[in-house]
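No lab work stands behind these numbers, since they all come straight from the coordinates. Note that the structure is predicted; figures quoted are calculated from it, not measured. So basically every Cβ, Gly included, is an ideal-geometry build from the backbone, and we count neighbours across all protein chains shown.
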Amino acid sequence: MPRSLVFRAVILWNGGLSIRMKTREQILEFISKQKVAFVASVDEEGFPNMKAMFVPRKIEGNSFYFSTNTSSMRTQQFLKNPKASLYFYHKGRFKYEGIMLVGTMEVLQDEAVKREIWCAGDTMYYRQGVTDPDYCVLRFTAVRGRHYCDLKSESFEMV
């Protein structure tokens with residue numbers, strides 16, 4: 001299997017060690033079915049700050065693209081400290097599953113990127129359209145993650 005299509009997972013339970021493979025497709029399929037992404041930043045005092053956001057508009061490799069306000073507190077935090085985390089979850093009737101990704105967040109002002117993820121309804125948030133100075137793109141790049149399901153957790157590196 002090509003290297004870019006596999007996450008390497010190391011799972012610890014009951015003192016034992018097991019190695020499993022989880023494909024990128026399985027992770028991305030799970031993420032694509034969710035309606036909300038929880039985005040964490042770090043404030044000036046080093047404390048985590050969490051916010052619910054719309055799911056990523058674009059996923060490319062290990063990068064996830066979000067639209068947001070340039071003036072938002074979260075954007076300002078990412079400009080000062082790019083460390084970030086994303087969390088996606090699904091709560092079923094009998095099963096809870098979640099995926100956390102850890103990495104860095106960049107604030108992009110590039111007009112080509114902004115146009116690429118722009119949606120027609122965005123004028124509700126950004127009155128001046130794609131060139132609105134309060135419109136920017138957040139690009140999260142994952143370096144590792146953790147998956148939880150059925151009372152088991154597994155950590156994985158993005159390879």
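Here are a few things to note about the model shown:
- The antiparallel fraction among DSSP beta bridges confined to the chain stands at about 100%.
- Residue-span extension gain [LYS58 to PHE38] - 0.36 nm each, minus C-alpha spacing: 5.6 nm
- Using the rule -39500 (n - 2.57) for each DSSP H run of four or more residues, divided by the residues of the chain, the 222 nm mean residue ellipticity is -4000 deg cm²/dmol.
- Calculated from the structure at hand, Rg and Dmax of the Cα atoms in Å is found among [x] 19.7, 56; [y] 16.9, 57; [z] 20.0, 73 as [y].
- Take the Cα of MET50, go 7 Å toward its beta carbon, and the backbone nitrogen atoms of the stretch 77-117 under 18 Å from that spot belong to 83-92, 96-103.
- Using 0.36 nm per residue and subtracting the Cα-Cα separation, the extra length available between VAL143 and CYS119 on full extension is 5.8 nm.
- Once the Cβ-Cβ distance of THR23 and LYS91 is raised to the sixth power relative to R0 = 25 Å, the FRET efficiency obtained is 0.60.
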